[in-house]
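Following: one structure in structure tokens, then a few remarks.
The values are calculated or read from the model by the stated rules, or taken from the named source; none is laboratory data. Because the structure is predicted, anything quoted here is derived from the model rather than measured. Neighbour counts run over all protein chains shown; Cβ positions are idealised from the backbone, glycine included. Side chains included, ligands, DNA and RNA excluded: accessible areas come from the protein's heavy atoms. Shrake-Rupley method; radii C 1.70, N 1.55, O 1.52, S 1.80 Å.
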Amino acid sequence: MIKHIWFVLCAGVLLLTSCSDEKKEENNEQNESSEDQEDPNKEIEYVLVPEESTLLWKGTEKDHADDYHMGPISFASGTALERGGKLVSGKAELDIRSIKATDLADKPDKNDRLIGHLLNEDFFAEDSVTLNNPTVELLHMNESGDVAHIALRVRGMMAEFDVPVTVSKEDGRLMISASEFGIDFMPFEIPYFLEGNMEESVQFSDLLLMFKPA
């Protein structure tokens, strides 16, 4: 009889332990599930990684589709803010002095003249000495998160545009990319455009803004 009672007590203890373990596993699963859901108020600040960010430009002369120049522009700095797992704002400053024309790589004299032309008052400079770097500011994303409404500031003037983008995250880093898009440069009153020498829209491609947590 005593052995039987002892056996029942042992079975009861084992049953309680098993139930307790199942409860712990259930609680752990619930905690993991709740952690997977983004806190709608959680904010993450990011800073741009300039050496891993890219942008290509292409400018075409008016009525001459085959007469164009193209090349890369580097970024100087930038920030971005994520709230509840969604990109809500950002800003990036281009390093306009880094602009290059890869189509003239084998023609150094023409390349130097073009770059000087782009950096003087005909294009990006307010005068021949001081350059204001163009800046891009993200005003908001559309509901589906694939179109960025941006403000582009050039020569102290600002215009707003919609740009189709892809926003993704990898290893904790935030990436904003776009394959191809055009920007109308007429609102910026750049002399060379106003004189009718260039197509109004400058084409851009291979945009990649790489951000890391601040």
When both residues are 6+ apart or on different chains and their Cβ atoms are under 8 Å apart, which pairs have a first residue that lies in region 62-75 and is touching a residue at least 60 places away in the same chain (Cβ under 8 Å), and a second that is part of a strand (DSSP E or B)?
-> Lys62/Met198; Phe75/Leu48; Phe75/Leu55; Phe75/Ala92; Phe75/Glu93; Phe75/Leu94; Phe75/Asp95; Phe75/Leu209
Check Asn142 against each of (1) in contact (Cβ under 8 Å) with a residue 40 or more places away in the chain; (2) touching a His at 6+ places or on another chain (Cβ under 9 Å) and name the one condition it does not meet.
-> (1)
Just a yes or no: is a residue in region 198-209 acidic (Asp, Glu), more than 14 Å from the chain's Cα centre (by Cα) and loosely packed, with under 13 Cβ neighbours inside 10 Å?
-> no
Scan region 88-116 residue by residue and report those that are surrounded by 15 or more Cβ atoms within 10 Å (Cβ to Cβ) and over 27 Å from Met175 (Cα atoms).
-> Asp103, Leu104, Asn111, Leu114, Ile115
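For region 148-178, name all the residues that are of a type in the set (Gly, Ala, Ser) and either touching a Ser or Thr at 6+ places or on another chain (Cβ under 6 Å) or open to solvent by less than 20 Å² (accessible area, probe 1.4 Å) (or both).
Ala148, Ala151, Ala159, Ser177, Ala178
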Here is a list of conditions, (1) in a loop (DSSP other than H, G, I, E, B); (2) over 20 Å from Phe181 (Cα atoms), and Leu118 meets all of them except one; can you say which number that is?
-> (1)
Can you confirm whether region 33-51 contains a residue that is under 28 Å from the mean Cα position of the chain (by Cα), in a loop (DSSP other than H, G, I, E, B), at pLDDT 95 or above and under 27 Å from Leu209 (Cβ atoms)?
-> yes
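Please find, within region 52-87, the residue that is farthest from the chain's Cα centre (by Cα) out of those that are open to solvent by less than 60 Å² (accessible area, probe 1.4 Å) and at pLDDT below 95. Before you say what the answer is, go through the steps one by one.
Restricting attention to region 52-87, the residues satisfying the condition of being open to solvent by less than 60 Å² (accessible area, probe 1.4 Å) are 53, 55-57, 59-60, 69, 71-78, 80-82, 84-85, 87.
Okay, now just the ones that are also at pLDDT below 95, so 84-85.
Values: Gly84: 17, Gly85: 15 Å.
Here the residue is Gly84.
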Please indicate, with yes or no, whether at least one residue in region 126-135 is of a type in the set (Ser, Thr, Tyr), surrounded by 15 or more Cβ atoms within 10 Å (Cβ to Cβ) and in contact with a strand residue (DSSP E or B) (Cβ under 6 Å, 6 or more places away or on another chain).
-> yes
